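Peer 1: One structure follows; several queries about it will come next.
The values are calculated or read from the model by the stated rules, or taken from the named source; none is laboratory data. Only a predicted model underlies this, so the values are computations on that prediction, with no experimental measurement involved. Cβ coordinates were reconstructed from backbone atoms using ideal geometry, including for glycine residues, and neighbour counts include every protein chain displayed.
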Amino acid sequence: MQPVIIRAEQVEKYYPQPSENRIQVISPTDLSISAGEIVALLGPSGSGKSTLLRMLTGLSAPSAGVVYWHEKPISTADVNVSIVFQSFALFPWLTVLENVEAPLKARGMEATERRKRSLKILDTVGLDGFQAAYPKELSGGMRQRVGFARALVVEPEVLFMDEPFSALDVLTAENLRSELLELWQKKTIPTKAIFLVTHNIEEAVLLADRIIVLGRNPGHVRTDFKVSLSHPRDRKTAAFTQLVDYIYKVLTQPETKPPALPRLGGKPSRNQRQMHYQMLPHARPGGIAGLLELVLDHEGKDDIYRLADDLAFEIDDLLPIVDAAQLLGFLTVTEGDAAITPTGAEYANSEILRQKELFRTAALENVLLLRQIVRALEAKSDRSVPEEFFHDMLDEQFSEDETILQLETAINWGRYAELFDFDVSRRRFILHEKLNESEPESSAEIDA
């Protein structure tokens with residue numbers, strides 16, 4: 001059994017108020033970090049993930065309870081940790097080498113030794129040759145490499161990471177994860193444990209030996225389990241998707257007892273096989289209806305380019321509407337020809353209320369994001385979920401700008417179909433109670 005490096009005993013964080021009440025951020029919590037493990041901490045926004053990280057590193061004192069470093073109170077121990085932040089947090093006026101040397105200089109290390117150690121770690125993380133560059137000359141991925149190098153150059157016993165890949169594009173983040181895991185497994189770095197705060201479920205399952213999921217109001221541990229999958233881990237395996245689905249259920253059902261950890265293996269469920277979101281075409285329901293009426297007037301089939309000419313549209317402006325109609329099952333497209341489906345013909349010929357019904361059914365059957373929004377809302381006692389929750393899920397797959405557009409389209413479609421409403425001032429999705437009363441079968445359809 002590996003020795004425990006950090007142990008938190010009944011730590012909590014709260015802020016006293018003049019009224020003698022207090023704002024409780026984290027309820028009394030026990031937690032430990034042992035040598036030889038990567039621990040991932042997941043939780044919704046506001047659950048206290050970063051607050052807990054700061055207490056475990058000694059940056060912030062708990063309001064109650066004690067954090068121990070090798071069984072000594074952390075306030076009196078000689079702590080050796082480093083933190084990689086979400087933002088690159090580099091000194092723009094220093095070169096790459098000078099940025100990496102900075103913590104060693106702060107510790108009073110002699111210039112020759114700190115230069116030697118800094119050059120070695122830069123080579124380790126793939127930045128050899130960029131010593132004289134300034135941060136503004138580097139890509140986002142390379143800047144974060146500098147952040148890793150600066151954290152690792154002090155040879156920390158525990159490396160803490162606070163959503164270190166979230167500001168990067170998908171491919172860069174994937175490369176950095178793989179490289180970090182390789183350094184860890186080959187023991188190229190002297191670090192004995194890694195503690196990763198993340199909102200990315202797949203990232204946690206890819207990297208971690210142990211996963212902790214927090215609930216909120218106040219922050220508390222919902223589940224803490226070891227990941228028995230061997231490395232390298234494949235996203236397509238049944239065991240991987242089962243763990244992802246399990247964590248998703250824990251996060252989206254905060255009022256219920258956490259489900260049992262699944263027995264890994266076997267055939268993944270329908271929902272588990274659909275974790276990757278479709279790219280929603282940015283088209284409005286009114287535009288979809290207009291297109292379907294036009295195709296129906298052309299005997300139910302027409303060439304897309306001829307349609308664009310008839311409408312005086314640029315083809316790039318028409319294609320999102322065509323793609324949306326195809327995604328919803330209202331059109332089929334073959335070799336540039338769009339043909340209306342029976343459902344699409346009914347939609348084009350119906351009154352507005354019937355169109356909404358058809359759109360609602362098509363959206364729930366064909367759009368994963370809309371199904372998950374409704375499913376999460378139905379699981380909540382107050383029938384309300386913050387937009388940020390779905391934002392965090394989408395930005396695992398899309399860029400920040402595209403994530404915002406995807407949510408705008410989902411909100412537009414969901415409102416039109418009366419699946420849910422959206423409170424702009426509070427940035428929250430709200431379930432129509434009348435949907436639950438008049439259409440109880442929708443939940444069954446989602447879970448099917």
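Peer 1: Take region 1-27 and flag every residue that is closer than 22 Å to S75 by Cα and crowded, with 17+ Cβ neighbours inside 10 Å.
Peer 2: The answer is I5, I6, R7, A8, V11, E12, K13, V25, I26, S27.
Peer 1: State whether the residues of region 200-212 include one that is touching a Leu at 6+ places or on another chain (Cβ under 7 Å), assigned to a strand (DSSP E or B) and crowded, with 20+ Cβ neighbours inside 10 Å.
Peer 2: yes
Peer 1: Now a separate question. Any residue at all in region 121-129 that is surrounded by fewer than 17 Cβ atoms within 10 Å (Cβ to Cβ) and in contact with a Leu (Cβ under 8 Å, 6 or more places away or on another chain)?
Peer 2: Yes: region 121-129 contains one or more residues that are surrounded by fewer than 17 Cβ atoms within 10 Å (Cβ to Cβ) and in contact with a Leu (Cβ under 8 Å, 6 or more places away or on another chain).
Peer 1: Return a yes/no flag: does region 184-195 have any residue that is at pLDDT below 90, in contact with a helix residue (DSSP H, G or I) (Cβ under 7 Å, 6 or more places away or on another chain) and surrounded by fewer than 18 Cβ atoms within 10 Å (Cβ to Cβ).
Peer 2: Among the residues of region 184-195, at least one is at pLDDT below 90, in contact with a helix residue (DSSP H, G or I) (Cβ under 7 Å, 6 or more places away or on another chain) and surrounded by fewer than 18 Cβ atoms within 10 Å (Cβ to Cβ), which makes the answer yes.
Peer 1: Within region 213-222, does at least one residue satisfy the condition of being touching an Asp or Glu at 6+ places or on another chain (Cβ under 6 Å) and under 25 Å from E157 (Cβ atoms)?
Peer 2: No, the conditions are met nowhere in region 213-222.
Peer 1: Report, by residue number, each residue of region 416-431 that is part of a loop (DSSP other than H, G, I, E, B) and either of a type in the set (A, V, I, L, M, F, W, C) or touching a residue at least 60 places away in the same chain (Cβ under 8 Å) (or both).
Peer 2: Hits for region 416-431 are A417, E418, L419, V424.
Every residue, every condition in (1) closer than 23 Å to L180 by Cα; (2) β-branched (V, I, T); (3) in contact with a His (Cβ under 6 Å, 6 or more places away or on another chain), yes or no:
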site: D30; (1), (2), (3): no, no, no
site: V39; (1), (2), (3): yes, yes, no
site: W69; (1), (2), (3): no, no, no
site: K72; (1), (2), (3): no, no, no
site: N80; (1), (2), (3): yes, no, no
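Peer 1: OK, next. If you check every pair at least six apart or on different chains, which have Cβ atoms under 6 Å apart with a residue in region 144-163 that is within 21 Å of F130 (Cβ to Cβ) first and a residue that is part of a helix (DSSP H, G or I) and of a type in the set (A, V, I, L, M, F, W, C) second?
Peer 2: Taking only residues 6 or more apart or on different chains, the pairs are V146/V96; A149/V100; A149/I121; A149/L122; R150/V100; L152/I121; V153/V100; V153/I121.
Peer 1: Scan region 107-132 for residues that are in contact (Cβ under 8 Å) with a residue 12 or more places away in the chain and under 33 Å from the mean Cα position of the chain (by Cα) and report the count.
Peer 2: Within region 107-132, residues that are in contact (Cβ under 8 Å) with a residue 12 or more places away in the chain and under 33 Å from the mean Cα position of the chain (by Cα) number 9.
Peer 1: When you scan region 55-91, how many residues do you find that are under 24 Å from F165 (Cα atoms), of a type outside the set (A, V, I, L, M, F, W, C) and part of a loop (DSSP other than H, G, I, E, B)?
Peer 2: 5
Peer 1: Continuing with the same structure: In region 39-71, what count of residues is obtained for those that are surrounded by fewer than 23 Cβ atoms within 10 Å (Cβ to Cβ), among the hydroxyl-bearing types (S, T, Y) and within 21 Å of the chain's Cα centre (by Cα)?
Peer 2: Within region 39-71, residues that are surrounded by fewer than 23 Cβ atoms within 10 Å (Cβ to Cβ), among the hydroxyl-bearing types (S, T, Y) and within 21 Å of the chain's Cα centre (by Cα) number 3.
Peer 1: Inspect region 134-145 for any residue being closer than 30 Å to A8 by Cβ and either within 14 Å of the chain's Cα centre (by Cα) or among the hydrophobic types (A, V, I, L, M, F, W, C) (or both) and give the result as yes or no.
Peer 2: no
Peer 1: Please determine whether any residue of region 249-263 is modelled with pLDDT of 85 or more, assigned to a helix (DSSP H, G or I) and at negative phi.
Peer 2: Checked against the condition, which is being modelled with pLDDT of 85 or more, assigned to a helix (DSSP H, G or I) and at negative phi, region 249-263 yields no hits at all.
Peer 1: In addition: Condition test on H220, is it assigned by TED's automatic domain parsing to the domain that holds P28, assigned to a loop (DSSP other than H, G, I, E, B) and of a type outside the set (V, I, T)?
Peer 2: The answer is no for H220.
Peer 1: Can you pull out every residue in region 151-172 that is more than 16 Å from I194 (Cβ to Cβ) and either touching a strand residue (DSSP E or B) at 6+ places or on another chain (Cβ under 7 Å) or assigned to a helix (DSSP H, G or I) (or both)?
Peer 2: Within region 151-172, V170, L171, T172 qualify.
Peer 1: For L104, are the conditions met, namely being within 18 Å of E157 (Cα to Cα) and touching a Lys or Arg at 6+ places or on another chain (Cβ under 7 Å)?
Peer 2: So L104 passes the test.
Peer 1: Here is a follow-up. Go through L94, L104 for me and flag whichever is touching a residue at least 40 places away in the same chain (Cβ under 8 Å) and in a loop (DSSP other than H, G, I, E, B). Lay out the reasoning, then the answer.
Peer 2: Numbers: L104 fails: in a loop (DSSP other than H, G, I, E, B).
Result of the check over L94, L104: L94.
Peer 1: Every residue in region 224-251 that is under 29 Å from E9 (Cβ atoms) and crowded, with 18+ Cβ neighbours inside 10 Å, please.
Peer 2: V227, L243, Y246, I247, V250, L251
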